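Below is one structure; the comments refer to it alone.
The values are calculated or read from the model by the stated rules, or taken from the named source; none is laboratory data. These numbers were taken from a predicted model, which means no experiment stands behind them. Heads up, the Cβs are rebuilt from the backbone with ideal geometry, glycines too, and the neighbour counts pull from every protein chain shown. Areas reflect the complete protein model, heavy atoms only, side chains present, ligands, DNA and RNA absent. Shrake-Rupley method; radii C 1.70, N 1.55, O 1.52, S 1.80 Å.
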Amino acid sequence: MKRLHILFSITILLSLYSFSSFSQSAPLPNKIAFNDASDYKKYEKDFVASFNWLEGQPLNSTRSDIKSVDAFLLQWMVGTPDVSISVNGYATDMAKKNPDMLIYYMGGWSRYVIEHPEEKDSIKFHLAAVEEVLKIYKGMNGVKKDKKIDKLVLLQTEGKLEEYIKSQIK
């Protein structure tokens, strides 16, 4: 698990290379500065707006505005002291055929934490993250077919997704 966390952190840091230019079509703040922990709090609304915008964009796009939003979201998620994302094996499995699903997983988790600050049940965070991936997957917005995600869609349809997530994180 620790090794997975380290590999995941390295992947995120390498993804930040594209943080330099912003397009006007993406809802990003003009000047982004993460100098200390308090800076992350003031960008929470920007995070949610940017993530909501990203949901409507084509998956696997090479557009610079999408890459800039991805970089902003990743930098915020890695640096914020207020959100701690758990990426278990089932989460990385969802990203094997569709690597972009990882940002939707992490973004869904983060948005849920921001919008539900009173929530302490980590199962709810996992569920929000997985449901975000399933929403993107079901939209088939440039997504490759994936049997593992199809299984999660079925569990969601049957009302058994939360039960499955509980079994995966223990």
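Across the range 1-54, which residue is surrounded by the most Cβ atoms within 10 Å (Cβ to Cβ) among those that are in a loop (DSSP other than H, G, I, E, B) and either at pLDDT below 50 or touching a strand residue (DSSP E or B) at 6+ places or on another chain (Cβ under 9 Å) (or both)?
22
Can you tell me which residue in the range 124-155 is nearest to residue 84 (Cα to Cα), limited to those that are open to solvent by 50 Å² or more (accessible area, probe 1.4 Å), in contact (Cβ under 8 Å) with a residue 24 or more places away in the chain and not basic (Lys, Arg)?
Residue satisfying both the conditions and the ranking: 131.
All but one of (1) touching a residue at least 60 places away in the same chain (Cβ under 8 Å); (2) within 12 Å of the chain's Cα centre (by Cα); (3) open to solvent by less than 60 Å² (accessible area, probe 1.4 Å) hold for residue 78; which doesn't?
(3)
Provide a single number: the residues in the range 132-158 that are of a type outside the set (Val, Ile, Thr), over 17 Å from residue 61 (Cβ atoms) and either part of a helix (DSSP H, G or I) or at pLDDT 95 or above (or both).
13
Can you find a residue in the range 100-117 that is assigned to a loop (DSSP other than H, G, I, E, B) and not acidic (Asp, Glu)?
Checked the range 100-117: at least one residue is assigned to a loop (DSSP other than H, G, I, E, B) and not acidic (Asp, Glu).
Residue check: is residue 86 in contact (Cβ under 8 Å) with a residue 60 or more places away in the chain and closer than 27 Å to residue 166 by Cβ?
In short, yes.
Say we look at the range 91-120 and pick out the residues that are at pLDDT below 95 and under 19 Å from residue 160 (Cα atoms); which of these is most open to solvent (accessible area, probe 1.4 Å)?
Looking at the filtered set, the residue picked out is 93.
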